[in-house]
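A short reminder: the numbers here are calculations on the coordinates, not readings from a lab. From a predicted model like this one, the values you see are computed outputs, not experimental measurements. Note that each Cβ is placed from the backbone with ideal geometry, even for glycine, and that neighbours are counted across all protein chains shown.
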Amino acid sequence: MFLAPITLSVYRCLLVEASVYAYTMFFSTFYHACDQPGDAVLCILNYDTLQYCDFLGSGVSIWVTILCMARLKASLKYVLLLLGTLVFAMSLQLDRRGAWNMMGPCLFAFVVMVTMWVYRCGHRRHCYPTSWQRWVFYLLPGISMAAVAIAIYTSMMTNDNYYYTHSIWHMLLAGSTAFLLPPRDKHAEPWACSQKLTCHYQICKNHREELYTVT
């Protein structure tokens, strides 16, 4: 389900986001393989651990996607990413099925994103994102899918329909992520997330941070 977001993230040099989506896909796959009724189950870890990792990956996937859309400076983005992950880890330990334990941090990230977008609108004196195609073909479909996913998670998921609604939640989450990920920089080449230094070490570009070679 997360193959499309992973591919897009790598294509656009969003390697941290791609790593989170890969983590989510891995544990979601094996959680559902272990969560099936009957004897045909595959559990690589105990059920509780798989469920925790699945829920954690889903929450952090939403978190990193919204932060990526906010287009924050790299240092601030990674600080918030780490803090958000720690908050998710704590809240899911308190109550794994609590709606606000998942949606609370995501709402905070959404406020950060809207604040940054409004700031850019005022600074540039036009709407942000600027392209109407971006709104019509990417943001509106992605937001619609995310809204349905939130509605399912907060109000429609019960013990009786859990196998179906949780799977639909994951599909909508992955689909909305693929639509909502921001495009790559105009000056960046696709797949070109690394450059070779004179010491022949491969490192990734990190915006305007200084690059140090090993001597």
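Here Leu50 passes the criteria (1) surrounded by fewer than 21 Cβ atoms within 10 Å (Cβ to Cβ); (2) among the hydrophobic types (A, V, I, L, M, F, W, C); (3) in contact (Cβ under 8 Å) with a residue 12 or more places away in the chain except the one numbered (1).
Selection within the stretch 115-144: residues that are surrounded by 12 or more Cβ atoms within 10 Å (Cβ to Cβ) and among the charged types (D, E, K, R). The member of this set that is farthest from Thr65 (Cα to Cα) is Arg120.
Quick check: anything in the stretch 31-43 within 23 Å of Tyr162 (Cα to Cα), exposed (fewer than 14 other Cβ atoms within 10 Å of the Cβ) and among the hydroxyl-bearing types (Ser, Thr, Tyr)? Within the stretch 31-43, none of the residues are within 23 Å of Tyr162 (Cα to Cα), exposed (fewer than 14 other Cβ atoms within 10 Å of the Cβ) and among the hydroxyl-bearing types (Ser, Thr, Tyr). Tell me whether the stretch 35-45 contains one or more residues that are touching a helix residue (DSSP H, G or I) at 6+ places or on another chain (Cβ under 8 Å) and in a helix (DSSP H, G or I). No, the stretch 35-45 has no match at all.
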